[in-house]
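Q: First the structure, then my questions, so here it is.
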Amino acid sequence: MNNPTLELQLQTLPDNPGVYQYYDKEGKILYVGKAKNLKKRVLSYFTKSHDNNKTAVLVKKIVEIKHIVVSTEQDALLLENNLIKKLQPRYNVLLRDDKTYPWICIKKEPFSRIFSTRKMIKDGSEYFGPYTSFKTVHTLLDLIKELYPLRTCHYDLSEANIKSNKYKVCLEYHIGNCKGPCEGFELLENYQKQVDAIRQILKGNFKESLKEFKLKMHELAATMQFEEAQKMKEKIGVLENYQAKSTILNPKISNIDVFSIVSDETMAYVNFLQIAHGAIIRSYTLELKKKLDETDEELLELAVVELRERFHLTSKELILPFALDFGDKINVTVPQVGDKKQILELSQRNAKYHRLEQLKQIQIVDPERHTNRIMAQMQKDLRLSVEPRHIECFDNSNIQGTNPVAACVVFKDGKPSKKDYRHFNIKTVVGPDDFASMEEIVYRRYKRMLDENQPLPQLIIIDGGKGQLSSALKSLDDLGLRGKIAIIGIAKRLEELFYPGDTVPLYLDKKSETLKIIQQLRNEAHRFGITHHRDKRSKSALETSIETIPGIGEKTMVTLIKHFKSVKRIALASENEISTVVGVAKAKKIYEFYKAINK
């Protein structure tokens, strides 16, 4: 480090919790971070080696460090979140503002109106939300409208205005959507009881509304008001149907926020579910773009603080996939079994589905970005030193010990490059010996590539276990390529990945994109090899016939094989059937030949 001022700043940092800020030579903010111990955390940037290139570049740009000391680690977490949104440093995960999210407002006024809005006015009105989409808002408002007749007008329904007959009922009254409070047809007390019930529904509590509707239904039926009782029954059905769609498992689970995270090399997706009275009343997935290879713990911690602030969450219990500390006032649960575990798994599924949808969209609109992400993920999953842009996979095809052949398939940027596929006829091995055959074809493949100065692959995949991998390694040793090309073997039974010199196999997630590409390579090599093996066996049978039928050449027999699919079918065909394919003269020779054999 050649910056005396920076060295002095590092030496004098406090050991307290706080927030640190990095600036470049132009005074622009680079990064904001929090720390339990400011001195230890900041020093780690300058004393440790960084595998991530972005972190290394960041450290080189730092010329000034500022810090803010706070009382607790939780205070540091909140301050970090606010500073990131305010300053938007280049190397931080950026968080989108929440100005455009809709709310449901219960207006503070006589005969309260209930409507959606994007603006919060501090006039004593109640606001529920913000909701992540207007679709959710419209669903709730439609439900409320179907259950309770509320006014939609903007009149000032003060007691004086109603008594003075200032307003007249409108069409909404005549079609039954409003009970006419503007002309005093409905008492304020009764109206506000409906508003109280709606307030509970917006909080996710359906119990009281259902109880009240059922009581009214029975009262109406008892007095033989069956038409009104039927209407009440329909309202109960609407509310129960909505509740059924919202209920998770246990109605006793209430006022809990659930967070989960799914991440890859470049992005993280944090799903949030708000649970009230056993129902999901809000769901949202936050996308975070990684800047410095942040861990899932760091990203989830940041997202929880951001989402709680954005959606004004006040719950005292959080369900998380791993333990995080948000202070003594918030209880963090990491469930292992039961209803809460199932809710966490639901949140994780939402995060995964959101990620898959985004990846599909990226693949369509930005295929290069998709490829770069896949290559970076494969490099990480397979512990490679470089991205496997060029992969080759080998497979032996040795069915019933006859016609031993092998195949090499090539993938470039994660996709098949069929023009580079190669077949191999085994030349030096006698009999069915998979190990020796693998050693031969690997040697021949890369000997030729070296002689012709062709670019070598970054990764070789051997279809087989330790034996085939060891055989392939012998060839690489002979060619001086050991250590220059990464090589792994894949065993079919448990999808185990074997590495040279490592007795413990690697197991990838069965749903990982890396394993899917390896399986695609293996399956493609198997298909390509089997096709060649089948062709070779057919050619052997064909050559036997060619040698014994006078006047019939190879091209004629190839034409017949393509048409009849096998030599056996040619032998059983009539002269007329054969003549339609190769002509009368040749058909006569072929038919008479097989007729003589079949006697």
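The values are calculated or read from the model by the stated rules, or taken from the named source; none is laboratory data. Bear in mind the structure is a predicted one, so any value in this text is a computation, not a measurement. FYI the Cβ positions are ideal-geometry reconstructions off the backbone, even for glycines, and counts take in every protein chain you see.
Q: May I ask you to list the residues in the stretch 217-239 that are closer than 22 Å to D196 by Cβ, modelled with pLDDT of 85 or more and surrounded by fewer than 16 Cβ atoms within 10 Å (Cβ to Cβ)?
A: H218, E219 - these are the residues of the stretch 217-239 that are closer than 22 Å to D196 by Cβ, modelled with pLDDT of 85 or more and surrounded by fewer than 16 Cβ atoms within 10 Å (Cβ to Cβ).
Q: Of the conditions (1) crowded, with 16+ Cβ neighbours inside 10 Å; (2) free of Cβ contacts under 8 Å to residues at least 40 places away in the same chain, P181 clears all except one; give me its number.
A: (2)
Q: Of everything in the stretch 564-585 that's modelled with pLDDT under 85 and assigned to a helix (DSSP H, G or I), which residue is surrounded by the most Cβ atoms within 10 Å (Cβ to Cβ)?
A: Filtering the stretch 564-585 for residues that are modelled with pLDDT under 85 and assigned to a helix (DSSP H, G or I), the one surrounded by the most Cβ atoms within 10 Å (Cβ to Cβ) comes out as I570.
Q: Further question: Take the stretch 280-297 and flag every residue that is modelled with pLDDT under 90 and of a type outside the set (A, V, I, L, M).
A: Hits for the stretch 280-297 are R282, S283, Y284, T285, E287, K289, K290, K291, D293, E294, T295.
Q: Looking at the stretch 366-379, I want the residues that are without any contact (Cβ under 8 Å) to a residue 12 or more places away in the chain and have a partner that is part of a helix (DSSP H, G or I) and crowded, with 20+ Cβ neighbours inside 10 Å with Cβ atoms under 6 Å, at least 6 apart or on another chain. Which pairs are those?
A: Matching pairs, first to second residue: none at all.
Q: Name the residue that is nearest to the chain's Cα centre (by Cα), counting only residues in the stretch 438-477 that are closer than 22 Å to E496 by Cα and hydroxyl-bearing (S, T, Y).
A: Applying the filter and picking the extreme gives S470.
Q: Specify the residue that is surrounded by the fewest Cβ atoms within 10 Å (Cβ to Cβ); the eligible residues are those in the stretch 550-563 that are in contact (Cβ under 8 Å) with a residue 24 or more places away in the chain and of a type in the set (A, V, I, L, M). Explain how you work it out, then say what you get.
A: Residues of the stretch 550-563 that are in contact (Cβ under 8 Å) with a residue 24 or more places away in the chain, as a first pass: 550-552, 556, 560.
Among the residues that remain, those that are also of a type in the set (A, V, I, L, M) are: 552, 560.
Details: I552: 18, L560: 24.
Per the stated criteria, the residue is I552.
Q: Would you mention how many residues in the stretch 86-99 are modelled with pLDDT under 80 and either buried (at least 18 other Cβ atoms within 10 Å of the Cβ) or over 30 Å from the mean Cα position of the chain (by Cα) (or both)?
A: Number of matching residues: 2.
Q: Here's a follow-up. Going through the stretch 403-449 one residue at a time, which ones are modelled with pLDDT of 80 or more, surrounded by fewer than 19 Cβ atoms within 10 Å (Cβ to Cβ) and charged (D, E, K, R)?
A: Once the filter is applied, which keeps residues that are modelled with pLDDT of 80 or more, surrounded by fewer than 19 Cβ atoms within 10 Å (Cβ to Cβ) and charged (D, E, K, R), the stretch 403-449 yields K412, D413, K415, K418, K419, D420, R422, R444, K447, R448.
Q: All but one of (1) aromatic (F, W, Y); (2) exposed (fewer than 13 other Cβ atoms within 10 Å of the Cβ); (3) assigned to a helix (DSSP H, G or I) hold for F213; which doesn't?
A: Single failed check for F213: (2).
Q: Further question on the same structure: Please find, among Q348, Q358, the residue that is outside any loop (DSSP other than H, G, I, E, B) and exposed (fewer than 15 other Cβ atoms within 10 Å of the Cβ).
A: Every option except Q358 fails the conditions.
Q: Sort out which residues of the stretch 122-132 are crowded, with 16+ Cβ neighbours inside 10 Å, on the phi < 0 side of the Ramachandran plot and in a loop (DSSP other than H, G, I, E, B), and write them in order of number.
A: S125, P130, Y131, T132, listed by residue number.
Q: Moving to a separate point now. If the requirement is being surrounded by 15 or more Cβ atoms within 10 Å (Cβ to Cβ) and in a helix (DSSP H, G or I), which of these qualifies: L30, L10?
A: L10
Q: Against the definition (at pLDDT 90 or above, in contact with a helix residue (DSSP H, G or I) (Cβ under 8 Å, 6 or more places away or on another chain) and charged (D, E, K, R)), how does E452 come out, yes or no?
A: no
Q: Being free of Cβ contacts under 8 Å to residues at least 40 places away in the same chain and either in a helix (DSSP H, G or I) or buried (at least 18 other Cβ atoms within 10 Å of the Cβ) (or both) is the filter here; which residues of the stretch 45-74 pass it?
A: Initially, the stretch 45-74 is screened for residues free of Cβ contacts under 8 Å to residues at least 40 places away in the same chain, giving 45, 47-50, 53, 56-57, 59-61.
Correct list: Y45, T47, N53, A56, V57, V59, K60, K61.
Q: Further question: Among the residues of the stretch 392-402, are any assigned by TED's automatic domain parsing to the domain that holds L508, at pLDDT 90 or above, part of a loop (DSSP other than H, G, I, E, B) and under 23 Å from H526 (Cβ atoms)?
A: Our first condition is that a residue be assigned by TED's automatic domain parsing to the domain that holds L508; within the stretch 392-402, this holds for 392-402.
Next, only the ones that are at pLDDT 90 or above stay: 392-394.
This time we only want the ones that are part of a loop (DSSP other than H, G, I, E, B), so: none.
Scanning the stretch 392-402 turns up no residue that is assigned by TED's automatic domain parsing to the domain that holds L508, at pLDDT 90 or above, part of a loop (DSSP other than H, G, I, E, B) and under 23 Å from H526 (Cβ atoms).
Q: Which residues, counting only those in the stretch 193-222, are in contact (Cβ under 8 Å) with a residue 24 or more places away in the chain and closer than 19 Å to S116 by Cα?
A: Q194, V195, A197, I198, R199, I201, L202, K203, G204
Q: Sticking with this structure for a sec: When the residues of the stretch 177-203 are filtered to those that are over 47 Å from the mean Cα position of the chain (by Cα) and part of a loop (DSSP other than H, G, I, E, B), which remaining residue is nearest to E228 (Cα to Cα)?
A: Taking the candidates together, the pick is K179.
Q: Within the stretch 331-345, can you find the residues that are β-branched (V, I, T) and either in contact with a Leu (Cβ under 6 Å, 6 or more places away or on another chain) or part of a loop (DSSP other than H, G, I, E, B) (or both)?
A: Scanning the stretch 331-345 gives V332, V334, V337.
This table checks each residue for (1) part of a loop (DSSP other than H, G, I, E, B); (2) more than 37 Å from the chain's Cα centre (by Cα); (3) over 30 Å from N3 (Cα atoms).
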| site | (1), (2), (3) |
| --- | --- |
| A76 | no, no, no |
| L83 | no, no, no |
| K108 | yes, yes, yes |
| M120 | yes, no, yes |
| K135 | no, no, yes |
| I162 | no, yes, yes |
